[in-house]
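Contents: one structure, followed by commentary.
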Amino acid sequence: MFLALRELTFARTRFGLMGAVVALIAVLMVLLSGLSSGLVVDGVSGLLRSPLHAVAFEDGTKTDSAFTRSVVTSDQRDAWAARDDVAAAELLGTAIVNARSSDGTPVDLTLFGIEPGGFVEPAVGEGRAAADEGEVVLSVSARDEGVGLGDVLTIDRVGTELEVVGFTTDQRTFGHVDIGFLPLRTWQEVHSATPPGQTAPPEAYDTASVVALRGVDGAVPDLAAGDAVAGTDARTLTEAFGSSPGYTAEITTMQLIQGFLYAISALVVGAFFTLWTVQRTRELAVMRAIGASTRFLLVDGLAQAAILLVVSVGLGLGVGLGLGSLLVGTGMPFELEAAPVATGAALLLGLGLAGAAVATARIARVDPVTALGENR
């Protein structure tokens, strides 16, 4: 460690510049992690924060936007509910609509038709649950659009009026649109484009988009066996995220950007320590000539890299978390979560050390005779 610490002090300008680069990469990692988590929350928080274990779609429904394409029946729900490994099965209707508030303000909504009192029904933080037809509970984030309790939302083209009777305790969105939870019967009338005051065709009251499933004791039911009986295409909750609008494309893009960031980090650190090792070849040769082992020099070099990475990544995390906290609650889809940030920091440290290890491996080839100037 003596050589590593001495060089860090002696070449503090060069190590400081390298540390600044690593710190900036760590800041970018935190911001990308927050944006990725924010996109997940903004895209599928309505599902993520519901006590669902699986979702059964119509058999043969394409994965992309399956929630708005699928149609299931009450018979299929009953087939799932009859299974021993299913604690509850409920029809769930989904539809993305445009509406207007009482003062004419446009409001985009994803309507979730639920069975009142069922397990899909969210907790209400303000107001009350939607119990009667024509009532709706909105995501708490809808208040940012100027919607308040008692407002009446009119759905475009259909003309159905929905009275806002409550707001959820937390953000519930789907496809980056606030969710409105309303009784399933009202959703069925909206979905079938039934004009206000009229009754929908009888078959409309027998269908929904998917069957929401909850397993016994928190376990995921046997989806393959259930599909065989009900004639559906069931997916776990995590797999169902990919069936929401734009989810797969957004998350894949963010993962690709993060992957390149980690690769760049390893290359930058590796390139720096490669040049640094070349510049101090004579010093290393002198150390070999006076008896220093290759292992000692390798450990010393890696310790030097570890000190640089830990300090730089730590500073970058602090700055990134500070900047990220300013973005939370600004309307941008940004969420700071401990697990993604910790994973990203570990990857930066691990890949940086890997790059440094490859660079410092050339120490093993340093010839002590070089210290005597034999190559001149």
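Taking square-rooted eigenvalues a ≥ b ≥ c of the alpha carbon gyration tensor, is region 60-230 rounded, prolate or oblate, where a/c under 1.5 means rounded and, failing that, a/b exceeding b/c means prolate?
prolate
For the chain, the longest stretch holding no GluC sites (Glu not before Pro) located in a DSSP loop with at most 16 other Cβ atoms within 10 Å is which?
That gives 134-336 as the longest site-free run.
With axes computed from alpha carbons, what is the tilt in degrees of helix 12-48 against the longest principal axis of the chain, rounded to the nearest 10 within 0 to 90?
Its long axis makes an angle of about 10 degrees.
Counting only the heavy atoms of the protein chains, how much of TYR205 is accessible to a 1.4 Å probe, in Å² to the nearest 10?
For TYR205, solvent-accessible area is about 50 Å².
Ordering HIS191, HIS53 by accessible area with a probe of 1.4 Å, largest first, what comes out? Spell out each step's value before the answer.
Numbers: HIS191 100, HIS53 45 Å².
Descending order: HIS191, HIS53.
Can you tell me how region 248-293 classifies by the Cα gyration tensor, rounded, prolate or oblate, using a/c under 1.5 as the rounded cut?
prolate
Could you sort ARG185, ARG69, ARG280, ARG295 by their accessible area in this structure, using a 1.4 Å probe and putting the largest first?
ARG295, ARG69, ARG185, ARG280
Which one of GLY93, VAL107, ILE307 is farthest out on the positive end of the charge dipole of the chain, using unit charges on Cβ (Lys, Arg +1; Asp, Glu -1) and the Cα centre as origin?
It is ILE307.
Within region 134-184, list the trypsin sites (Lys or Arg not before Pro) lying in a DSSP loop whose Cβ has at most 15 other Cβ atoms in a 10 Å radius.
Sites meeting the loop and neighbour criteria: ARG157.
Rounded to the nearest percent, how much of the accessible area of region 60-230 (1.4 Å probe, protein heavy atoms only) is carbon and sulfur?
About 46 percent, which is the carbon plus sulfur part of the accessible surface.
Mind putting a number on the dipole of region 60-230 about its Cα centre? Charges go on the C-beta only, +1 for Lys and Arg and -1 for Asp and Glu, and I need it in Debye to the nearest 20.
The dipole magnitude comes to about 260 debye.
Using unit Cβ charges (K, R positive; D, E negative) and no other charged atoms, how large, in debye to the nearest 20, is the dipole of region 71-133 about its Cα centre?
Dipole size: approximately 140 debye.
Need one number: % antiparallel among DSSP beta bridges in the chain, to the nearest 5.
That works out to approximately 80 percent antiparallel.
The values are calculated or read from the model by the stated rules, or taken from the named source; none is laboratory data. Since this is a predicted model, take the numbers as computed values, not measurements. Neighbour counts are summed over all protein chains in view; Cβ atoms, including those assigned to glycine, are modelled from backbone coordinates with ideal geometry. Each accessible area value is taken on the protein alone, full model and side chains, heavy atoms only, with ligands, DNA and RNA left out. Shrake-Rupley method; radii C 1.70, N 1.55, O 1.52, S 1.80 Å.
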